[in-house]
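K.L.:
One structure coming up, written as structure tokens, with questions to follow.
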Amino acid sequence: MAAGRCDVTFWRDKVVVITGGSAGLGLVLAGHWARAGARVVLLARDQQRLDSARELVQQGAALPPLGFSVDLTQAEQTQTVIDRIQRELGRIDVLVNCAGASTRHALAETAPALFQKQLEQNFMTAVNCTQAALPHLLAARGQVIVVASLAGRTAWPLVGAYVTSKSALVAYAAQLRLELGDRLRVLTVLPGPIQRSNETSRYQAEAERLPERALQPGAGAPVKGLDPDRLAKEILSAAERGQIELVRPWKVSFLFQLQALFPKFGLWLLRRLTR
């Protein structure tokens, strides 16, 4: 199947659980899966946003989407919700770990508490949800999709806590693939900055003493913002094919390879890019 094309028969009646599904890429993904015939389940904290998201996803959906309010940083809450989904729907075929947040701080001024918070938001949410869902996913010979970031593979100025948390997430996905890959498909998604309406306002307060690039998508990374609709289509297509990794924009893969093969040159190039 061509990249970006979705086979609606592949997803028909499958149960797809999406964390962070009330906004951003998670919401866009939910719409695509619902239109492809899947039973979509949205997980997020804010009930009001969940209700609005469900109404949006319902448009054109083959099956009515569900939504559950849960704090995914809390393991017990997460386990309770996952068990409820299994009881009500009888299976979980796909878990999409899309919940997360980013921040902007100079590394030397980043308090340990902020590292902890970013790890909880971007890493532990995925761990809590995946570990809770694993028995059901393995029984269905299902799939875990981890939406990480280009930051999971390379350092970048002013986002040290975010980079650390996403690196842990990428490593966790690799471990899942190594130990359970014969019974569980695992796709790691490494996207660059994604287009959104509030790109500069999100970091205004915390970036007052930082360079202007801190307010930009990707903290000024020299890559074009990704169209969330196109990215969602590519994720569904990669998942159908059993792909293990999706990097967007794909050209950044060369930088990763340079860093791995020639660390000093890779560091020199990274410093050039961050000037």
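K.L.:
Using 0.36 nm times the number of residues separating Glu88 and Glu109, minus their current alpha carbon distance, what extension gain do you get?
P.N.:
Residue separation times 0.36 nm, minus the Cα-Cα distance, leaves 2.9 nm.
K.L.:
I've got another one for you. How long, wide and thick is the stretch 8-273, going by the Cα atoms along their three principal axes, in whole angstroms, largest first?
P.N.:
Sorted largest first, the three principal extents are 51, 39, 33 Å.
K.L.:
Within a Cβ distance under 9 Å of Thr188, other residues only, what is the Lys/Arg minus Asp/Glu net charge?
P.N.:
Charge balance in the 9 Å sphere: 0.
K.L.:
Further question: How are the C-alpha pair distances of the stretch 3-115 spread across 5 Å bins, as whole percents from the shortest bin up?
P.N.:
2, 12, 21, 21, 17, 10, 7, 5, 3, 1, 0
K.L.:
Say the dipole of the stretch 8-273 comes from +1 at the beta carbon of Lys and Arg and -1 at that of Asp and Glu; which of Ala101, Val186, Ala260 then lies farthest toward its positive end?
P.N.:
Farthest towards the positive end: Ala260.
K.L.:
Distance between the C-alpha centers of the stretch 244-268 and the stretch 75-100? Whole Å please.
P.N.:
Going from one Cα centre to the other spans 34 Å.
K.L.:
Could you tell me the calculated FRET efficiency between Gln58 and Leu138, based on Cβ-Cβ distance and R0 = 25 angstrom, to the nearest 0.05?
P.N.:
Calculated transfer efficiency: 0.25.
K.L.:
Of all the Cα-Cα pairs you can form in the stretch 99-188, what percent are over 19 Å apart?
P.N.:
40 percent
K.L.:
What nm value, rounded to one decimal, do you get for the distance between Leu180 and Leu267 when each label is placed 7 Å out toward the C-beta?
P.N.:
3.6 nm
K.L.:
Moving to a separate point now. Given the Cα-Cα distance of Glu240 and Arg275 and 0.36 nm per residue of separation, how much length would full extension add, in nm?
P.N.:
Full extension of this stretch gives 8.7 nm more.
Values quoted throughout were computed directly from the atomic coordinates according to the rules given, and no laboratory measurement underlies them. What you see is a predicted model, and the numbers here were worked out from it, not measured in a lab. Cβ coordinates were reconstructed from backbone atoms using ideal geometry, including for glycine residues, and neighbour counts include every protein chain displayed.
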